[in-house]
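Take a look at the structure below.
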Amino acid sequence: MIQLEDVSVERNGRQILKDINIEVRTGETLGIIGPTGAGKTTLLRVMDLIEVPSKGRVLFRGEAPKNESEKLAARRRIGVVFQRPLMLRGTVYDNVAYGLRIRRLSKDEIDKRVKAALSDVGLEGYERRPARMLSGGEMQRVALARALAISPEILLLDEPTANLDPRTSYVIEDLISSAKMRGMTVVISTHDLPQAVRLADRIVIIMDGRVVSSGSPDLLMGSDSDEVREFLHAGMLRHLDRRFIHELTRISH
Amino acid sequence: MDEITRGFIRAIELILELNPEVIEVTLRSFLIALSSVTIASLINVPLGSLIYFHHFPGRSGLINLIQTLYSIPTVTVGLFVFLLISREGPLGSCGLLYTPYGMIIGQSVLITPVILGLTISALSNVSDDLRDTAISLGADRFQTIRTVIAEARGPVLAALLLGFGRALSEVGVAMMIGGNIRGYTRVLTTAIALETSMGNLEMSIALGLILISIALVVNTVVGRLQEW
Ligand SMILES: Nc1ncnc2c1ncn2[C@@H]1O[C@H](COP(=O)(O)OP(=O)(O)OP(=O)(O)O)[C@@H](O)[C@H]1O
Ligand SMILES: [Mg+2]
């Protein structure tokens, strides 16, 4: 679906991504994990054709978009939720409808899709709320609804549950799973290793702008790189904590 | 009672009794300034968007130049446009000198830097992330520009209003290009200048009060718009 070939990104004389080769296969869910500052966000921006790599090529469905209009056409088939999503001016409805209006869909169709997307993310009845007054977690969900409403072929999610409480995180994870079930290709970046294990068919670990390892979740656990194992084990420890906390909240309810 | 106090009282009476001359001059001022700001914004808001969205060599120098021209003396613009549209000038054959149309051209030129510069800075204050959000949702170039302008609508409108205020209160262009012809090109500022020099204080105070009130309203609204 999306292929990065020898992609490097340099900003202000710093190498943020170095010779990245990644293929996102149609229908798969690819997890991108890595410590903070590793370049996950930059990577997703490259995949969304917003960030122009200083080196290398990005192929969308086997072809590298040559000009702005080809990029736009590709981008219109990609849904993305940024790490700290911004709300556009106006209501929740306006935000979810934005992508549909610029694609010139009919009013009825827009209405239908906005309703469906909002109910998918558990925000029924939020249509008329001013989007910028929402809480961080609500904005995150509006951003997801906004991306889903355009029925993208591929969904890029940058730490989609980082701002959410465990309960809402699971709602979102379910949503991602069901999008995946419907055949949507998903790329999800996360700090949260267990989440990557739960959702992803394949995981790419990046550190310091490089792909240090990739493969199925199980395969990675047996990696012979100390760096990778250390990172994964730290992640699994946190996972145990989370399980514990989750258990506690379940009992107390 | 001294002359000035009497002047003030008479001036307020002139305004309250809707003196035809006062009304006429005020309306003409409004109309000419409004036309100028309309023309200037039709040209400069799109132009400002272009400059905002494109990175080219000399861009920051250009923006600096535009900002320097905010406070260009009105008589300089008056002279420039005069040379352009006077009988011997390149546009001399259009017969624009000493007409309201000539004034509109002159004021449009005068307020171009303000509107252009403030539009660019209004757009620049919209965060890049917001622009990226629009792009990532599939906006093409034009739709992105529209969204960014919508985000900056308060400051952009404030820029237009400031342009309006400057056009309304300037005297250089109105005098040199308009010629202060009674019933034709006479506006608030040139009327004040003339009435004062003729010792007709009550009339000039009345017009001055109107001008100040308009300026006050404009400034208040501009302040509000910045946060809208
Ligand atoms: N425009 C830029 N100019 C300079 N450095 C940048 C720029 N954008 C990102 N960086 C740097 O590139 C590195 C990678 O950033 P990126 O946001 O992609 O990391 P990340 O993996 O998403 O981190 P996090 O998990 O904290 O979100 C960071 O060190 C960041 O400071
Ligand atoms: Mg990030």
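The values are calculated or read from the model by the stated rules, or taken from the named source; none is laboratory data. Just so it is clear, the model here is predicted, and its values are computed rather than measured. Don't worry about glycine lacking a Cβ; one is built from the backbone with ideal geometry, like all the others, and counts go over all protein chains shown. For the accessible areas, the whole protein counts, side chains as well, though only heavy atoms, and no ligand, DNA or RNA atoms are used. Shrake-Rupley method; radii C 1.70, N 1.55, O 1.52, S 1.80 Å.
Could you count how many residues in the stretch B:56-94 are more than 24 Å from B:PHE30 (Cβ to Cβ) and either free of Cβ contacts under 8 Å to residues at least 60 places away in the same chain or not polar (S, T, N, Q) (or both)?
Number satisfying all stated conditions: 27.
Yes/no per residue for (1) assigned to a helix (DSSP H, G or I); (2) hydrophobic (A, V, I, L, M, F, W, C):
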{"position": "B:VAL126", "(1), (2)": "no, yes"}
{"position": "B:THR133", "(1), (2)": "yes, no"}
{"position": "B:GLY138", "(1), (2)": "no, no"}
{"position": "B:GLN143", "(1), (2)": "yes, no"}
{"position": "B:THR147", "(1), (2)": "yes, no"}
{"position": "B:ALA150", "(1), (2)": "yes, yes"}
{"position": "B:ALA159", "(1), (2)": "yes, yes"}
{"position": "B:LEU162", "(1), (2)": "yes, yes"}
{"position": "B:ARG166", "(1), (2)": "yes, no"}
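Please go through the stretch A:46-68 and pick out each residue that is facing chain B (nearest Cβ under 8 Å) and surrounded by fewer than 22 Cβ atoms within 10 Å (Cβ to Cβ).
A:ILE50, A:GLU68
Looking only at the stretch B:118-144, count how many residues are open to solvent by less than 30 Å² (accessible area, probe 1.4 Å), of a type in the set (A, V, I, L, M) and touching a residue at least 12 places away in the same chain (Cβ under 8 Å).
Residues flagged as open to solvent by less than 30 Å² (accessible area, probe 1.4 Å), of a type in the set (A, V, I, L, M) and touching a residue at least 12 places away in the same chain (Cβ under 8 Å) within the stretch B:118-144 amount to 6.
Could you say which residue among A:LEU123, A:LEU118 is more than 14 Å from chain B (Cβ to nearest Cβ), open to solvent by less than 30 Å² (accessible area, probe 1.4 Å), more than 16 Å from ligand 2 (Cβ to nearest atom) and assigned to a loop (DSSP other than H, G, I, E, B)?
Exactly one of A:LEU123, A:LEU118 is more than 14 Å from chain B (Cβ to nearest Cβ), open to solvent by less than 30 Å² (accessible area, probe 1.4 Å), more than 16 Å from ligand 2 (Cβ to nearest atom) and assigned to a loop (DSSP other than H, G, I, E, B), namely A:LEU123.
In the stretch B:48-61, what residues are among the aliphatic types (A, V, I, L, M) and open to solvent by less than 70 Å² (accessible area, probe 1.4 Å)?
B:ILE51
For the subset of the stretch B:97-107 comprising residues that are in a helix (DSSP H, G or I) and touching a residue at least 12 places away in the same chain (Cβ under 8 Å), which member is surrounded by the most Cβ atoms within 10 Å (Cβ to Cβ)?
Among those that are in a helix (DSSP H, G or I) and touching a residue at least 12 places away in the same chain (Cβ under 8 Å), it is B:GLN107.
Can you tell me which residues in the stretch A:31-55 are more than 8 Å from ligand 1 (Cβ to nearest atom) and out of contact with any Ser or Thr (no Cβ under 7 Å at 6 or more places or on another chain)?
Selection gives A:VAL46, A:MET47, A:LEU49, A:VAL52.
Might you let me know whether the stretch A:71-81 holds any residue that is at pLDDT 95 or above, facing chain B (nearest Cβ under 8 Å) and within 16 Å of ligand 1 (Cβ to nearest atom)?
yes
When you check A:ARG103 against the structure, is it more than 16 Å from ligand 2 (Cβ to nearest atom) and under 29 Å from A:ARG129 (Cα atoms), yes or no?
Yes; evaluated as a whole, the condition is true for this residue.
For the stretch B:112-155, which positions are within 15 Å of B:HIS54 (Cα to Cα) and polar (S, T, N, Q)?
Across the stretch B:112-155, the qualifying residues are B:THR119, B:SER121, B:SER124, B:THR144.
Which number in (1) in contact (Cβ under 8 Å) with a residue 12 or more places away in the chain; (2) of a type outside the set (A, V, I, L, M, F, W, C); (3) open to solvent by 40 Å² or more (accessible area, probe 1.4 Å) marks the one condition that A:THR91 misses?
(3)
Could you say which residue among A:GLU28, A:GLU23 is free of Cβ contacts under 8 Å to residues at least 24 places away in the same chain and more than 16 Å from ligand 1 (Cβ to nearest atom)?
It is A:GLU23.
Examine the stretch A:19-33 for a residue that is away from ligand 2 (no atom under 16 Å from the Cβ), away from every other protein chain (no Cβ under 14 Å), more than 19 Å from the chain's Cα centre (by Cα) and surrounded by fewer than 16 Cβ atoms within 10 Å (Cβ to Cβ), and state whether such a residue exists.
yes
All but one of (1) modelled with pLDDT under 95; (2) closer than 30 Å to A:ARG76 by Cα; (3) more than 14 Å from every other protein chain (Cβ to nearest Cβ) hold for B:ALA150, so report the exception by its number.
(3)
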